[in-house]
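Participant: Take this structure, written in structure tokens, and hold onto it; I'll ask about it next.
The values are calculated or read from the model by the stated rules, or taken from the named source; none is laboratory data. Everything numeric in this text was worked out from a predicted model, so none of it was measured. Note that each Cβ is placed from the backbone with ideal geometry, even for glycine, and that neighbours are counted across all protein chains shown. Keep in mind that these areas ignore ligands, DNA and RNA; they rest on the heavy atoms of the full protein, side chains included. Shrake-Rupley method; radii C 1.70, N 1.55, O 1.52, S 1.80 Å.
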Amino acid sequence: MSTMLSHAIRNFPASSGWAARVFARSLSCSLQLQAAVQPKTKKTLSKSGVKNIVVVEGVRTPFLQSGTSYADLMPHDLARAALQDYIVYGTVIQEVKTSNVAREAALGAGFSDRTPAHTVTMACISSNQAMTTGVGMIAAGQCDVVVAGGVELMSDVPIRHSRKMRKTMLTLNRAKTLGQKLSLLSKIRPDYFAPELPAVAEFSTSETMGHSADRLAAAFAISRLEQDEYALRSHTLAKKAQDGGLLLDVVPFKVPGKDTVTKDNGIRPSSMEQMGKLKPAFVKPYGTVTAANSSFLTDGASAILLMSEEKALAMGYKPKAYLRDFVYVSQDPKDQLLLG
């Protein structure tokens, strides 16, 4: 696994300080360190018979509002910039051409074609599912090193033909004679050409997350004022962290034909007065979720480096966190989807 990791890091963007540090440490790793016995303490012991699993490092591209600097890219273009051994990626709205975006990103980033990769999806928690999938693989002894992450490119979501048109085109592809083809073409009607636009919505309810957020706020009696105050606080602190150089996980991303993106562009501190002027975005006219107190449609990718504690210590890395356990729960999507 360390051989593949070194290969992966050689192909990591040169602007990443993490890549340079990791590669240097892997080269300086001594045989004595590799053979070192993992210290066992009450503080670090995991469940009986299960390996300790640690976070070594994490990186991400700058997160941008959809339709801005990343608009001409594809999801795997973003994902490969955040990468490094077994690779698991989460995504929500998949690009059909790169349905296993983890694999395409790995190949595009220069990883060995021997490095396995797969993609998971679980709505907004897809990247967490990718991470816990990696945790499970390490705990089961299948891997010592896993890279998990997530990617979304809302600037270029797939737009499909209508179901009627798709069915006709697929049937047309199987037609053998000119007469059969003409017969099928004669059945096409103008409404067949209406595209199916994607929506950030639940299939079973057709509701967007904004509707679910409004329902949740009402159920817990969270006022519009409280939501605006919390949003303003979040953006203010994010701006402070950005200006103070505290977002150390962000790696610059060179957009082909454009400038290098170095920071998030969706951080937008406002004022309570300005936010109060906005109308509800989803449940009108009485909803409380607006464009100012909800998240924007985002383009971006991230990756986290997971290892067994034994492997991390043998390679000379200092764990940043221990991953102890996880659980997923589910809710009625019509009632309280977001409590999942």
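Participant: Can you give the FRET efficiency for L339 and S186, using 1/(1 + (r/R0)^6), R0 = 51 Å, r = Cβ-Cβ distance, to the nearest 0.05?
Facilitator: E(calc), rounded to 0.05, equals 0.50.
Participant: A follow-up question, please. Work out the length of the dipole vector of the chain about its Cα centre, built from +1 on the beta-carbon of each Lys and Arg and -1 on the beta-carbon of each Asp and Glu, and round it to the nearest 20 debye.
Facilitator: Magnitude of the dipole: close to 680 debye.
Participant: By average Cβ neighbour count within 10 Å, what is the ranking of 59-65, 171-177, 198-204 from highest down?
Facilitator: 59-65, 198-204, 171-177
Participant: In the structure displayed, which of K51/K320; K240/K320; K240/K263; K51/K318; K51/K311; K239/K277 lie more than 19 Å apart, Cα to Cα?
Facilitator: Violating the 19 Å Cα-Cα cut-off are K240/K320; K239/K277.
Participant: What's the extension gain from E226 to T298 if we count 0.36 nm per residue and subtract their Cα-Cα distance?
Facilitator: Working it through step by step, the gained length comes to 23.5 nm.
Participant: I'd like to know which of T171, P190, V147 lies farthest towards the positive end of the charge dipole of the chain, counting +1 on Cβ of Lys and Arg and -1 on Cβ of Asp and Glu.
Facilitator: Among T171, P190, V147, the one farthest towards the positive end of the dipole of the chain is T171.
Participant: Ok, one more. Along the positive direction of the dipole of the chain (beta-carbon charges: Lys, Arg +1; Asp, Glu -1; about the Cα centre), which of G266, L107, I222 reaches farthest?
Facilitator: L107
Participant: At 222 nm, what value in deg cm²/dmol follows for the chain if DSSP H runs of at least 4 each add -39500 (n - 2.57) and the sum is divided by all its residues, to the nearest 500?
Facilitator: Result for the chain: -10000 deg cm²/dmol, rounded to the nearest 500.
Participant: Sticking with this one: Would you list, by chain and number, the lysines whose Cα falls below 22 Å from the Cα of K176, excluding same-chain residues fewer than 8 positions away?
Facilitator: Those lysines meeting the cut-off are K164, K167, K187.
Participant: At a Förster distance of 45 Å, what's the computed FRET efficiency of F193 paired with K263, Cβ-Cβ distance as r, to 0.05?
Facilitator: After rounding, the FRET efficiency stands at 0.65.
Participant: So how much slack lies between K284 and S112, counting 0.36 nm per residue of separation and subtracting their Cα-Cα distance, in nm?
Facilitator: Difference between extended and current length: 56.7 nm.
Participant: Between the range 271-340 and the range 248-266, what is the C-alpha centre distance in whole Å?
Facilitator: 21
Participant: Report the extension gain between L170 and S204 in nm, rounded to one decimal, defined as 0.36 nm multiplied by the number of residues separating them, less their alpha carbon distance.
Facilitator: Result for the pair: 9.6 nm of gain on full extension.
Participant: Okay, next question. Might you report the magnitude of the Cβ-based charge dipole of the range 57-201 about its Cα centre, with Lys and Arg at +1 and Asp and Glu at -1, to the nearest 20 debye?
Facilitator: 1220
Participant: Moving on to the next point. Rounded to the nearest whole Å², what accessible area per residue is found for the chain with the 1.4 Å probe?
Facilitator: Heavy-atom accessible area per residue stands at 57 Å².
Participant: Please report the antiparallel percentage of DSSP beta bridges with both residues in the chain, rounded to the nearest 5.
Facilitator: The antiparallel proportion sits near 70 percent.
Participant: With +1 assigned to the C-beta of every Lys and Arg and -1 to the C-beta of every Asp and Glu, and no other charges, what is the dipole magnitude of the range 240-298 about the Cα centre in debye, to the nearest 20?
Facilitator: Computed about the Cα centre, the dipole is about 240 debye.
Participant: Grab every C-alpha pair in the range 174-302, bin the distances at 10 angstrom width from 0 up to the longest one, and report whole percents.
Facilitator: 10, 25, 24, 19, 11, 8, 3
Participant: Next up: Compare the peptides 125-132, 250-257 by average per-residue count of other Cβ atoms within 10 angstrom and give them in order, highest first.
Facilitator: The densest-packed peptide leads the list: 125-132, 250-257.
Participant: Mind giving me the nanometre distance, one decimal, between the label points for K254 and D72, set 7 Å out from Cα along Cα→Cβ?
Facilitator: 1.5
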